């Protein structure tokens with residue numbers, strides 16, 4: 001316990017609380033402070049100039065990270081017949097229809113991403129109270145309600161990350177693992193920020209991208225200089 005506390009304190013001491021770090025500096029710091037016995041996940045948190053309580057200020061989307069997430073996701077697909085066969089061929093881990101609904105209703109959710117064909121949504125809709133709070137409900141806006149099951153499964157397996165703004169106006173997402181190279185993490189971070197920028201809602205006024213911080217699972221947050229991530233036009237509009 002003492003060693004754990006010393007490691008955390010040492011990591012915090014290495015980070016200047018008020019400094020805005022350039023992307024390459026921030027990535028180096030996060031990697032150097034990721035000293036846990038497991039491969040820590042690297043995450044980004046972005047404060048946005050939106051109020052999610054208003055429908056025209058909701059931010060939601062999906063980004064395909066160029067270097068993947070470093071995680072092997074288990075993907076479930078709600079489909080019947082030929083589309084169910086397509087899902088299995090594409091590498092889906094769990095495939096079903098009424099039987100899968102029954103399994104989920106029974107409390108077994110053995111997957112990280114959920115995809116459905118449009119015709120299955122009346123059935124899947126029954127699971128809203130179960131899948132919704134876990135962020136697993138299929139949604140056409142992020143490509144998880146689709147007839148192109150092969151592309152959706154491969155995207156989920158290959159590094160697709162969904163994001164959605166929280167009540168406080170913050171978007172968070174995983175951008176890789178501490179074991180990734182610095183360039184790999186930087187590329188993933190830029191892709192994530194670009195996707196969030198493109199998802200700017202019509203109701204957002206003033207500064208859209210306000211603040212951002214990078215951290216690993218057990219490490220301290222490192223504040224990012226947004227000007228090293230996006231053009232001034234993207235940050236200020």
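Cα centroid distance between the range 185-206 and the range 20-94, in Å? Measuring centre to centre over Cα atoms gives 14 Å. Counting only alpha carbon atoms, the long axis of helix 81-90 and the longest principal axis of the chain meet at about 30°.
Based on Cα contacts under 8 Å between residues 6+ apart, the range 70-109 shows a relative contact order of 37 percent. Could you tell me whether the chain comes out rounded, prolate or oblate from its Cα gyration tensor? Rule is a ≥ b ≥ c as square roots of the eigenvalues, rounded for a/c under 1.5, then prolate if a/b exceeds b/c, otherwise oblate. The shape class here is prolate. Among 206, 96, 106, the largest mean-square fluctuation in a Gaussian network model of the chain, built with springs joining Cα atoms closer than 10 Å, belongs to 106. Expressed to the nearest 5 percent, the antiparallel share of DSSP beta bridges inside the chain is 70 percent. The helix-based estimate of mean residue ellipticity at 222 nm for the chain, built from -39,500 (n - 2.57) per DSSP H run of four or more residues and divided by its residue count, is -9500 deg cm²/dmol to the nearest 500.
Taking the longest Cα principal axis of the chain as reference, the axis of helix 23-33 is set at about 90 degrees. Compared with the dominant Cα axis of the chain, that is its longest principal axis, helix 2-13 is turned about 70°.
Bear in mind that the values in this text are calculations on the coordinates, not laboratory data. Treat the numbers as computed from the prediction; the structure is a model and nothing was measured.
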